[in-house]
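Everything on this sheet refers to the single structure shown next.
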Amino acid sequence: MNKYGAEFFGTFWLVLGGCGSAVLSAAFPDVGIGLLGVSLAFGLTVLTMAFAIGHISGCHLNPAVSFGLWAGGRFPAKELLPYIIAQVLGGIAAGGILYLIASGKAGFDVSAGFASNGYGDHSPGGYNLSAALITEVVMTMMFLVVILGATDERAPQGLAPIAIGLCLTLIHLISIPVTNTSVNPARSTGVALFVGDWAIAQLWLFWVAPIIGGILGAGIYRFIGSEKS
């Protein structure tokens, strides 16, 4: 149970830190952190938790990562469901805490988005379903390539959290305008449940695309990372 608890609290921190920065700080008057700040916040949540709980649960914090590690031969199938449940519950708990904080300000309107992921009319940049699908698949695919490479026993030891955190930062810098960046079904679910309506209707994409991308990334790394000539 300690592994599942670690995944719960790790995902809680990812959603609270990343989505919290977007909801509370991104456009704060005069000193808003903007896209760059939100991107860095997501990366920092993973970096800090990788050091804090990586030795306990592997610090997946993401159903797509768990699927990718399973596809890459690094994670047992029997633990997929418990990990995913812990991750989703952690994301929802963080969404609830963030809602309680954000609703303490006059004029708060959860229907404005609450850091939810979306496409079409709900894409920050107005990108359509196809663009959102491609973005989420490719970004998650590259995330898994970095994760598997950085944690390979042949890679420099002790630096994986930094590489993975910076990779997630870069992913957000690229894709926030397209989908508000998911690459993580637990992150998407954690805030979408509080928005309801369109966020729930579009949530399917932010489960399907990241999981496909995670499995593709694992396949790519198994090919390029093989020690066979």
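Here's how it looks for Ile33: its modeled amide H is under 5 Å from those of Ala26, Ala27, Phe28, which are all 5 or more places away or on a different chain.
The 3J(HN,Hα) values that the Karplus relation (6.51, -1.76, 1.60; θ = phi - 60°) gives for the stretch 142-158 are, in residue order, 5, 4, 5, 4, 5, 4, 5, x, 5, 9, 4, 5, 7, 7, x, 7, x Hz. Gly and Pro appear as x.
Summing charges over neighbours of Gln202, with a neighbour being any other residue whose Cβ is under 13 Å away from its Cβ, gives -3 when K and R count +1 and D and E count -1.
For the chain, carbon and sulfur atoms together expose 69% of the accessible surface, with a 1.4 angstrom probe and every protein chain in place.
Take the Cα radius of gyration of the stretch 98-224 and divide it by 2.2 N^0.38 Å, N being the number of residues; the result is 1.16. The smallest convex shape that holds all Cα atoms of the stretch 142-206, its convex hull, gives 92 Å³ per residue.
Taking only Cα atoms and a 10 Å spring cutoff, compute GNM fluctuations for the chain and point out the largest among Ser182, Ser21, Ser103. Of Ser182, Ser21, Ser103, the Gaussian network model singles out Ser103 as fluctuating most.
Pairwise inverse Cα distances across the stretch 18-159, averaged and inverted, put the Kirkwood hydrodynamic radius at 17.3 Å.
Sites listed here are chymotrypsin sites (Phe, Trp or Tyr not before Pro) in the stretch 42-146 whose DSSP assignment is loop and whose Cβ has at most 15 other Cβ atoms within 10 Å: Phe108. Computed over protein heavy atoms with a 1.4 Å probe, the accessible surface of the stretch 100-200 works out to 43 Å² per residue. Taking Glu79, Glu136, Glu153 in turn, the Gaussian network model of the chain (Cα-Cα springs below 10 Å) assigns the largest fluctuation to Glu153.
Write out the trypsin sites (Lys or Arg not before Pro) in the stretch 91-191 meeting two conditions: DSSP loop, and at most 10 other Cβ atoms within 10 Å of their Cβ.
Numbers: sites: Lys105, Arg154, Arg187; in loops: Lys105, Arg154.
Passing sites in the stretch 91-191 are Lys105, Arg154.
For the stretch 74-81, backbone phi angles converted through the Karplus equation (6.51, -1.76, 1.60; θ = phi - 60°) give residue-by-residue couplings of 10, 8, x, 4, 5, 9, 4, 4 Hz, Gly and Pro being listed as x. The radius of gyration of the Cα set in the stretch 30-96, together with its Dmax, comes out at 14.2, 49 angstrom. In this Cβ point-charge picture (+1 for Lys and Arg, -1 for Asp and Glu), the chain has a dipole of about 420 debye about its Cα centre.
Build a GNM of the chain with springs between Cα atoms under 10 Å apart, and of Ala86, Ala199, Ala52 the one that fluctuates most is Ala52. Go through Ala112, Ile101, Ile56 and say which Cα lies farthest out towards the positive end of the charge dipole of the chain; charges sit on Cβ, +1 for Lys and Arg, -1 for Asp and Glu. Value: Ile56.
Run the dipole for the stretch 147-229 about the Cα centre, Lys and Arg Cβ at +1, Asp and Glu Cβ at -1, nothing else charged, and hand back the magnitude in debye, nearest 20.
Values: 4 positive and 4 negative charges, 20 e Å.
The dipole of the stretch 147-229 has a size of about 100 debye.
Sequence-ordered 3J(HN,Hα) estimates for the stretch 126-139 from the Karplus curve with 6.51, -1.76 and 1.60 and θ = phi - 60° stand at x, 7, 7, 4, 4, 5, 5, 4, 4, 4, 5, 5, 5, 5 Hz, glycine and proline given as x.
The values are calculated or read from the model by the stated rules, or taken from the named source; none is laboratory data. All values reported here derive from a predicted model rather than from experimental measurement. Cβ atoms come from the backbone with ideal geometry, glycine included; neighbour counts cover every protein chain shown. Remember, those area values only see protein heavy atoms, side chains included, never the ligands or the DNA or RNA. Shrake-Rupley method; radii C 1.70, N 1.55, O 1.52, S 1.80 Å.
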